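This report concerns only the one structure given below.
The values are calculated or read from the model by the stated rules, or taken from the named source; none is laboratory data. Note that the structure is predicted; figures quoted are calculated from it, not measured. Positions of Cβ are generated from backbone atoms using ideal geometry, with glycine treated the same way; all protein chains shown enter the neighbour counts.
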Amino acid sequence: MQRCHYELLYKLCASAALILVLVVVMGIWHLGSNSMIACGFAGAFFFQVASRPAWKHLLAAVAAGVGYGAVYALLGTVFGGSAIQVATGIGAFLGLGSLTVMTLAMLWSKSRAYLVPLRRALVLPGFSLVAGVSMDAVTNAKPSAYDLYLYAFDSSLGISPGASIARLFEALPWLGMAASAIYALLLLFPTLYDAWGLRRGARGNLMTAFVVGGVCGFIFYQICPGLGPLYVFGSRFPAHLPAPGQFNLALYHGAGARNAMPSMHMTWALLVWWSAWELTPVARFIATGFATLTFLATLGFGEHYLVDVIVAVPFALLIEALSAWRREPSAALGAGAVGLGLTLGWLLMLRTPVVAQLPAGACWVMVLGTIAVTVPMQFAFRRRLRTARGPVAGIRSSERSRKVRVAGLSISWPS
């Protein structure tokens, strides 16, 4: 056989192996009914579109997606169950089609045009696999959880945000349905906004921040493990939660995933929201709605305590700083130190009985102080990243460097 024949055989075998692997993954993860994982695969279609492909490649991706859907049906695997599951399942099949087309285009044409979008498209599926295995291991170990400590702090604020938002959902069913949909579609938005930024030439990489956040979040879960009020109080949430003084401060040893503190749903929503500031007003509007509904869902459905969401604010700053370390190390050092200090400070404090002894005023000072320090610093950090990217038209080098130094990490709100 000639060399060209060996090369052809290699490409045919590689192509068949790729398709077989995607079919197996599709069946094992039940992409037709597992909306969370399906969103991660659907993002591949966004990345392909962001790469400005030829129309024939998009049509090929759609055709391949139809093929994957047909194979899924032949396998007899569960499909649908709700409108969201149907929509995300179809999106997952499209994403599988895009992964196939981008990979085969690189294999057969040796073009590197799809290299960056393909790398980013593979982040969430790979992350989901590793995260699922890791969380299952921790859940089976059942470490002691600090849910009653977290609930004690919320109670010290003098409010019951989870119960209040749950009543709001009862009064406005459409709002509850919207929040539930957004909560289920969490993994769709990071890929959408990262692909949006890629298409517009933004320098940020939301997929990097997503993975860094997931790894750091898993580590911090072990410092102050928590499940969420729905899993600890059961049917008592939201209408019959204990009042301050009606429960003993103790560790919780029941079953369930220890993934409440800090809230990664809120952290990822904040990362999407911050990334939207590099895009268009429409992108910021959509991201604001996404973050708002995520906030309501985390509390109203009993998945998190209010303090979980508060800690997500400095935690998101820490993730932004770690993700941008190579681009602007000096600015990232300051922002990261503040984010890490506040996040660790909260986690360590919430492990102590002092949470049940703090007056309401002190609790509110801690909450508002955390936000007041973190949010302006986040704006300043993003401004520093923008001004430090390179030459600005019409500004001499000396003037440009002076502008960067003046902006620095000065704490000010954006105009």
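Some points to look at:
- Neighbours by Cβ (under 9 Å, 6+ apart or cross-chain): first from region 218-234, touching a residue at least 60 places away in the same chain (Cβ under 8 Å); second polar (S, T, N, Q) and part of a helix (DSSP H, G or I): PHE218/SER134; PHE220/THR343; GLY228/THR298
- The residue that is nearest to ALA54 (Cα to Cα), among those in region 120-146 that are modelled with pLDDT under 90 and charged (D, E, K, R), is ASP136.
- Of the criteria (1) part of a loop (DSSP other than H, G, I, E, B); (2) in contact with a Ser or Thr (Cβ under 8 Å, 6 or more places away or on another chain); (3) closer than 25 Å to ASP194 by Cα; (4) not hydroxyl-bearing (Ser, Thr, Tyr), which one ARG52 fails: (2)
- Checking the stated criteria, ALA372 turns out to be free of Cβ contacts under 8 Å to residues at least 60 places away in the same chain, in a helix (DSSP H, G or I) and loosely packed, with under 15 Cβ neighbours inside 10 Å.
- One residue from ALA312, ALA283 being of a type in the set (Gly, Ala, Ser) and at pLDDT 95 or above: ALA312
- Qualifying residue in region 94-101 (condition: without any contact (Cβ under 8 Å) to a residue 24 or more places away in the chain, in a helix (DSSP H, G or I) and among the β-branched types (Val, Ile, Thr)): no
- Filter result for the condition that a residue is free of Cβ contacts under 8 Å to residues at least 24 places away in the same chain, in a helix (DSSP H, G or I) and in the same structural domain as GLN378 (by TED's automatic domain parsing), over THR288, THR267, THR298, THR343: THR288
- Among the residues of region 139-147, some residue qualifies, meaning at least one is assigned to a loop (DSSP other than H, G, I, E, B), assigned by TED's automatic domain parsing to the domain that holds CYS363 and under 17 Å from VAL309 (Cα atoms).
- Residue, nearest to ALA137 (Cα to Cα), within region 239-271, restricted to residues that are surrounded by fewer than 18 Cβ atoms within 10 Å (Cβ to Cβ) and among the polar types (S, T, N, Q): ASN248
- Taking the criterion of being among the aliphatic types (A, V, I, L, M) and surrounded by fewer than 20 Cβ atoms within 10 Å (Cβ to Cβ), the residues of region 167-195 that qualify are LEU168, ALA171, LEU172, LEU175, MET177, ALA178, ALA181, ALA184.
- Flag for VAL25 being in contact with a Lys or Arg (Cβ under 8 Å, 6 or more places away or on another chain), touching a residue at least 24 places away in the same chain (Cβ under 8 Å) and surrounded by 11 or more Cβ atoms within 10 Å (Cβ to Cβ): no
- Residue within region 352-360 that is of a type outside the set (A, V, I, L, M, F, W, C), under 16 Å from MET261 (Cα atoms) and surrounded by 13 or more Cβ atoms within 10 Å (Cβ to Cβ) present: no
- Selection within region 75-102 - among the aromatic types (Phe, Trp, Tyr) and surrounded by 22 or more Cβ atoms within 10 Å (Cβ to Cβ): PHE93
- Subset of region 123-147 (residues that are surrounded by fewer than 19 Cβ atoms within 10 Å (Cβ to Cβ), in contact (Cβ under 8 Å) with a residue 24 or more places away in the chain and not polar (S, T, N, Q)): PHE127, ALA131, MET135, VAL138, LYS142, PRO143
- ARG327 being assigned to a helix (DSSP H, G or I), among the basic types (Lys, Arg) and more than 18 Å from LEU368 (Cα to Cα): no
- Residue under evaluation SER109, criteria (1) polar (S, T, N, Q); (2) within 24 Å of VAL23 (Cβ to Cβ); (3) surrounded by 15 or more Cβ atoms within 10 Å (Cβ to Cβ), criterion not met: (3)
- For region 250-264, the tally of residues that are in a helix (DSSP H, G or I) and touching a strand residue (DSSP E or B) at 6+ places or on another chain (Cβ under 9 Å) stands at 0.
- Residues of region 102-131 satisfying the condition of being assigned to a helix (DSSP H, G or I) and among the polar types (S, T, N, Q): THR103, SER109, SER128
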